[in-house]
Amino acid sequence: MEFLKKKVIRLLILIACVVGCCSQVEARVRQYKWEVKYELKSPDCYKKLAITINGRSPGPSIVARVGDTIVVHLKNSLITENVAIHWHGIRQIGTPWMDGTEGVTQCPILPADTFVYKFVVDRPGTYLYHAHYGMQREAGLYGSLRVLLKEGESEPFQYDYDRSIILNDWYHTSVQEQSLGLSSIPFVWVGEPDSILIQGRGKFDCNTPGIAAALCNASNPECAPYAMTVVPGKTYRLRIGSLTALSALSFEIEGHNMTVVEADGHYVEPFVVKNLFIYSGETYSVLITADQDPSRNYWASAKIVSRPSNTTNGLALFNYYPNHPRRDPPTAPPAGPRWDDVAPRLAQSNAIRARRGFINPPPQSTDRTIVMLNTQNTVGGLLRWSVNNVSFNMPHTPYLIAYKHNLLNAFEQRQPPDGYDAAAYNISAPPPNPNATISNAAYRLKFNTTVDIILQNANTMNPSNSETHPWHLHGHDFWVLGYGMGKYNGTTGKLNLVDPIMKNTVAVHPFGWTALRFRADNPGVWAFHCHIESHFFMGMGVVFEEGVERVGELPSSIMGCGETKGFYKP
C-alpha cells in the first residue's frame, strides 16, 4: 500500500512538471532573409516597376507570438536607392533604433548593404510594415505583421479561421516622378490613383485612351481578383490594414455584416457595420460569418471616400467553397457610400470604444497640451503642408543619434510652437498668411509625463476645402479622447476619459478636430506624421524626443550619414 502511495505521488509530481513546462513555452526567434529590389509587376494589369521583397508585393507576411524576437536580414538590391523599413504599430520598447524611420532613428540602408532588424513583439494584434524612406511605400514595399496570443491564451471573441488583407492605392507614375512634381515650381500634384488594390490585386481599364497595348494586359493572371475562400457557416476573423498613399477607403463585403472587434492591436467593444471606413495606417479585425446563399460568390469592394475621385472601386471575391474562385457574382458590385458624406465616418470614429474588461484607463489630467493646426501653405513658392505654420524637413543626421551623441548642431534647437492663435484664426477660410517657415526642430517632452495632442483641421489654399488626415505616432499607442467638428474650444466636456480606445493611427476629419493623450514613457525619438505619403513629403509631421538619456548604447549599424559618417563600424 505504501509503495502504491509513493508511486501515485511520483506520478502526480511528474504530471505537475509536464504541465508546468507546457505552460512556460519559450519565445521563439523568427529569422527572415529579405532582398529588396525592383521588378516589373502588373498588379492592376498595367506593367510597371515595383519594389518587391523576395520578388513579392505585398511582401511576405510575418506571423509571430507575443514575446517572439523578429530578426530580418534586409539586403538592399535597389542599386541606386537607399531604403528603410518601419514596423508599424510595434512600439520598439528598449530598441528605439529598430523603428526603421530614416532620418529619425537610423541612417538609410545603402545599395548593396545588408541591415539586420531585430526586435521583440510584446503584445498581440494586427500590424503592418512598410518602407519609410522618401515615398517608397507606394512603390509596393509593404506587408502584414500579425502577432498572436501566447499558446494557451484565447481571444474574447470566437472565430473559426484567421485571415489578413491589405488595401492599397496604386499609381502608374513612378515615385521619383511624383516627388519631383511635389517639390517643383510650378507644383505638380500626384493626382488620384490609377487603381485600388486588395491584397496586391486590382483592375485598370486597359482600353483607356493612350495606353500602349504592350503595357496593359487585362488577362494577365497577376491582376486576377484576389479571392478569399470561405466555408459556408464558418466565422472568419478578417484583419484589414490600409497602406494607401492618399486615399481614405470604405470597405464592404456584399450582403454581409462585419463586427468590429479590434483596432490597431486593441480590443474594441463590438459593433456591427455594413461598410468599414479605414484610413492609411489603420488596422482592424472584423468578424464575418459566411451565412449567405452558398451557391454563389460575393463582391468585396473598396471605394475612395473623402475625395472626389474617379478611380474605379477595388474589387475582390468572397468565394463560397466549393464555387470556383474565379466565378464572378451574379450581381453588380456595391456602389458604396457617397464620397463627401462625413457624418457616417464621424459616427464610426465615435463608435470605437475599448472593450469592457480590457479598458486601459487614461490619466485623468495632462501635463502638456500641444494644439496642432494642420494647414496648407507656401514656402518660397513651393506648396507645403505645415503644423502651426511650420513645415517639417528631415535633417541629414538622425535625431536619435544626434541626441544620444550630443550632435545638437545637426538640427535646429528652438522647439516648434505648442499652439496657434486660435481666437483669431478662421479654420473655414484659406490661410490669411499663406507663407510658412521650414524647420527640422523637435519637441522635447519631459519623460513619463502625460501629453495631449489636439489635431485641428482647417481650410486648404483652395476655398471651401478641407482634407482628411490620418496621423500616425511611432513608439506609442495613444488614447483617442474625442472628435468634433469646427474649432476645438479647449473644454473637456466632450472628451471620453472612461473607455477610450487606444490606437497608433487616427483620422482628423475635414474642418474638425481629434483629441489624443499619451504617456511620454518610451525612451527614444519618435515621428508623428500624416500617413498620406505626399503630405508627409511636403512637411506634415513632427518629431518627439523623450528620455533619450535612458536609451542604451546605439548600434553602429544605424549610423553612417550626416554627422555620423565616421561612426559606422562594419
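The values are calculated or read from the model by the stated rules, or taken from the named source; none is laboratory data. Keep in mind that what you see is a predicted model, and the values were worked out from it rather than measured. Neighbour counts are summed over all protein chains in view; Cβ atoms, including those assigned to glycine, are modelled from backbone coordinates with ideal geometry. These accessible areas exclude ligands, DNA and RNA; they are computed on the full protein's heavy atoms, side chains included. Shrake-Rupley method; radii C 1.70, N 1.55, O 1.52, S 1.80 Å.
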**Filtered residue count, the stretch 321-355, keeping only those that are in a loop (DSSP other than H, G, I, E, B), out of contact with any strand residue (DSSP E or B) (no Cβ under 6 Å at 6 or more places or on another chain) and open to solvent by 40 Å² or more (accessible area, probe 1.4 Å)** = 12
**Item:** Check on Ile85, farther than 30 Å from Thr235 by Cβ, at pLDDT 95 or above, open to solvent by less than 40 Å² (accessible area, probe 1.4 Å) and touching a Gly at 6+ places or on another chain (Cβ under 7 Å)
**Value:** yes
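Of the residues Ala248, Ala213, only one is among the hydrophobic types (A, V, I, L, M, F, W, C) and surrounded by fewer than 17 Cβ atoms within 10 Å (Cβ to Cβ); which?
None of the other options fit; the residue is Ala213.
Yes/no per residue for (1) under 25 Å from Ser349 (Cα atoms); (2) of a type outside the set (Ser, Thr, Tyr):
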residue: Tyr267; (1), (2): yes, no
residue: Leu287; (1), (2): yes, yes
residue: Ser295; (1), (2): no, no
residue: His324; (1), (2): no, yes
residue: Asp328; (1), (2): no, yes
**Message:** Here is a check on your reading of the model: is Pro500 within 20 Å of Gly265 (Cα to Cα) and in contact with a strand residue (DSSP E or B) (Cβ under 9 Å, 6 or more places away or on another chain)?
**Reply:** yes
**Request:** Filter the stretch 524-561 for residues that are more than 30 Å from Tyr171 (Cβ to Cβ), open to solvent by less than 30 Å² (accessible area, probe 1.4 Å) and either in a loop (DSSP other than H, G, I, E, B) or among the charged types (D, E, K, R) (or both) and give the result.
**Result:** Glu545, Glu546, Gly547, Val551, Leu554, Met559
**Of residues in the stretch 124-162 being surrounded by fewer than 16 Cβ atoms within 10 Å (Cβ to Cβ) and in a strand (DSSP E or B), the one nearest to the chain's Cα centre (by Cα)** = Asp162
**Prompt:** Restricting attention to the stretch 218-245, and to residues there that are in contact with a Pro (Cβ under 7 Å, 6 or more places away or on another chain) and assigned to a strand (DSSP E or B), which single residue is most open to solvent (accessible area, probe 1.4 Å)?
**Reply:** Thr229
**Prompt:** Take the residues of the stretch 82-101 that are within 18 Å of Lys37 (Cβ to Cβ) and part of a strand (DSSP E or B): which is farthest from the chain's Cα centre (by Cα)?
**Reply:** Val83
**Request:** With the condition kept exactly as written, say whether any residue in the stretch 261-273 is closer than 23 Å to Val342 by Cβ, in contact with a helix residue (DSSP H, G or I) (Cβ under 8 Å, 6 or more places away or on another chain) and open to solvent by less than 40 Å² (accessible area, probe 1.4 Å).
**Result:** yes
**Request:** Check whether at least one residue in the stretch 280-296 is of a type in the set (Asp, Glu), open to solvent by 10 Å² or more (accessible area, probe 1.4 Å) and part of a strand (DSSP E or B), and report yes or no.
**Result:** no
**Asked** Which of (1) out of contact with any Gly (no Cβ under 8 Å at 6 or more places or on another chain); (2) farther than 25 Å from Val175 by Cα; (3) open to solvent by 40 Å² or more (accessible area, probe 1.4 Å); (4) at pLDDT 95 or above is the odd one out, the single condition Arg10 does not satisfy?
**Response** (4)
**Request:** Within the stretch 391-408, track down each residue that is in contact (Cβ under 8 Å) with a residue 60 or more places away in the chain, more than 24 Å from the chain's Cα centre (by Cα) and either more than 22 Å from Gly552 (Cα to Cα) or open to solvent by 10 Å² or more (accessible area, probe 1.4 Å) (or both).
**Result:** His396, Tyr403, Lys404, His405, Leu407
**Message:** Only one of Gln456, Gln413 is among the polar types (S, T, N, Q) and open to solvent by 10 Å² or more (accessible area, probe 1.4 Å). Can you tell me which?
**Reply:** Gln413
**Request:** Taking Asp205 as the residue in question, decide whether it is over 30 Å from Ile359 (Cα atoms), open to solvent by 30 Å² or more (accessible area, probe 1.4 Å) and touching a residue at least 12 places away in the same chain (Cβ under 8 Å).
**Result:** yes
**Residue count, the stretch 102-117 (criterion: within 18 Å of the chain's Cα centre (by Cα) and part of a loop (DSSP other than H, G, I, E, B))** = 2
**Asked** Assuming Gly419 fulfils every condition listed in (1) under 30 Å from Gly566 (Cα atoms); (2) open to solvent by less than 50 Å² (accessible area, probe 1.4 Å) apart from one, which condition is it?
**Response** (1)
**Complete:** Condition set open to solvent by less than 30 Å² (accessible area, probe 1.4 Å) and in a loop (DSSP other than H, G, I, E, B), scope the stretch 185-202, selection farthest from Ile53 (Cα to Cα): answer is Gly191
**Request:** Output the number of residues of the stretch 475-505 satisfying the condition of being more than 14 Å from Arg519 (Cα to Cα), assigned to a loop (DSSP other than H, G, I, E, B) and either open to solvent by 10 Å² or more (accessible area, probe 1.4 Å) or among the polar types (S, T, N, Q) (or both).
**Result:** 14
**Message:** Among the listed residues Val104, Val36, identify the single one that is open to solvent by less than 10 Å² (accessible area, probe 1.4 Å), at pLDDT 95 or above and closer than 30 Å to Cys206 by Cβ.
**Reply:** Val36
